[in-house]
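See below for the structure under consideration.
The values are calculated or read from the model by the stated rules, or taken from the named source; none is laboratory data. Computed from a predicted structure; not experimentally measured. Backbone-built Cβ (ideal geometry, glycine too); neighbour counts: all protein chains shown.
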Amino acid sequence: MDSTSISTADILQQLAKSKAVCEKLVQLKPEEINQILLELADLTISKTSFLLAENQKDLDRMDTENPKYDRLLLSESRLVQIAEDLRKVASFPSPLGHIMEDRMLENGIHLQKVSAPIGVIGLVFESRPNVTFDVFALCFKSGNVAVLKGSRDAHYSNLAILQLIHQVLATHDLEAACYLAPSERAALGTILSASEYIDLLIPRGGQGLIDYVRKNASMPVVETGAGVVHTYFAESANLEKGKAVLSNAKSRRVSVCNALDTILIHRTRIEALPFLLSDLGEKHECKVWADPEAYAVLQGEYPDHLLLKANEEDFGKEFLSMQLSIKTLANLEEAIAHIQKHSSKHSEAILSEDAKEISAFMNRVDAAVVYANASTAFTDGGQFGLGAEIGISTQKLHARGPMGLRELTSYKWLAYGDGQVRS
């Protein structure tokens, strides 16, 4: 059935089926779960041509200059990596049934705190079809049902991926373990109000989407995604390290949430800017929005058509494109104050050779991931050894940073007694 024809009643009926299948999932053996993920990995490779053709239908509807284009794009190499990620998730130990506490109470009750599935996890996301694979794999491995609400940008891609997932699940009568809601925005309201069926909702996209979901959802929400990322080049920073880290953090993949947005630079090192930005200007044609001091140093040293004067609104901005801003500062205190004012609490970094300064930065900066002398591009579930991720949590309750298998579990208390009653 074409998802565009599904009504509110149909969505709720599908969600009811998803909720009901939770009981079947907790009865699956780890080897059964792993086998299904491996079958999906193999099927993904064998259906490469089909997936790329469906993805092209979505790409044809989007301007290639749109920052979301790269997020939407599937390629043969990306599908190979997706299949590898599926196999990696299958290879990990199950996050379920881990005994977190085990003790005997004075009344003789044996008490255990044990990791358990959350239940039905909903994800609302924008134009990233690879997310459909990642979310299903992580949810399924952790005993959860995945409810997905993608955007119209990835409509055909998501339907194609769902077709493969359902093909594998059908042989085990588990199709309801992954549900893709209609891509129309009107369907979002039904999802947000379905607290009877969805236990946790995760928005993954721009700040506008995240804010809307947080304000309107009737179930608990974990915020992920939006990243306003800074790197502070301190007085003691190494030039070669700094150039490599800044170039990588900005240019590796500009449309992702861990990409560098603002360079903070110590005033005594401002003359190093032409060297630090040389690769970004020559190889990547990165637009630079510079404050007056940085602009004066870069004028004539950086391509004129890429150098612009920064306004206040150019700071605290997630560019998601080949652009960044530069702020000149007097010391570490000013750098931390700037980050505290503008950060989305995603990823922040310092370039410094001063151990005391690094320690202060690492301890005081409030973000999900804080780096010293390394690129913020590493904020990623795969890079952190989680196999894949459902998103980067920027909040503090339940999970923070890359959310992998462990972060998709809750826990329950098991109390074993022998007739005890409370007075």
message: Considering only region 55-64, I want to know if a residue exists there that is in a loop (DSSP other than H, G, I, E, B) and either of a type in the set (Ser, Thr, Tyr) or more than 30 Å from residue 189 (Cα to Cα) (or both).
response: yes
message: Residues that are out of contact with any helix residue (DSSP H, G or I) (no Cβ under 9 Å at 6 or more places or on another chain), in the same structural domain as residue 243 (by TED's automatic domain parsing), modelled with pLDDT of 95 or more and among the aromatic types (Phe, Trp, Tyr): does region 288-305 have at least one?
response: yes
task: Can you confirm whether region 156-170 contains a residue that is modelled with pLDDT of 95 or more and not in a helix (DSSP H, G or I)?
output: no
statement: Of the candidates 357, 333, the one satisfying the condition of being buried (at least 16 other Cβ atoms within 10 Å of the Cβ), in the same structural domain as residue 286 (by TED's automatic domain parsing), of a type outside the set (Ser, Thr, Tyr) and over 26 Å from residue 81 (Cα atoms) is 357
statement: Taking region 75-102 and keeping residues part of a helix (DSSP H, G or I), under 22 Å from residue 157 (Cα atoms) and among the polar types (S, T, N, Q) leaves 77, 81
- prompt: Any chance region 400-423 includes a residue that's in contact with a His (Cβ under 7 Å, 6 or more places away or on another chain) and either surrounded by 20 or more Cβ atoms within 10 Å (Cβ to Cβ) or of a type in the set (Val, Ile, Thr) (or both)?
  reply: no
message: Checking residue 400 against (1) basic (Lys, Arg); (2) touching a strand residue (DSSP E or B) at 6+ places or on another chain (Cβ under 8 Å); (3) at pLDDT below 95; (4) assigned by TED's automatic domain parsing to the domain that holds residue 291, only one condition comes out false. Which one?
response: (4)
query: What's the number of the condition residue 317 fails, among (1) within 29 Å of residue 68 (Cβ to Cβ); (2) touching a Lys or Arg at 6+ places or on another chain (Cβ under 7 Å); (3) in contact (Cβ under 8 Å) with a residue 24 or more places away in the chain?
result: (2)
field: Residue list for region 340-354, restricted to those being more than 21 Å from the chain's Cα centre (by Cα) and surrounded by 15 or more Cβ atoms within 10 Å (Cβ to Cβ)
entry: 350, 351, 352, 354
Only listed residue being surrounded by fewer than 20 Cβ atoms within 10 Å (Cβ to Cβ) and farther than 24 Å from residue 25 by Cβ, chosen from 184, 175, 196: 184
- request: List every residue pair whose Cβ atoms lie under 6 Å apart, where the two residues are 6 or more positions apart in sequence or sit on different chains, the first residue falls within region 401-423 and is more than 17 Å from residue 113 (Cβ to Cβ) and without any contact (Cβ under 8 Å) to a residue 40 or more places away in the chain, and the second residue, located anywhere, is crowded, with 21+ Cβ neighbours inside 10 Å and acidic (Asp, Glu).
  value: 402/389
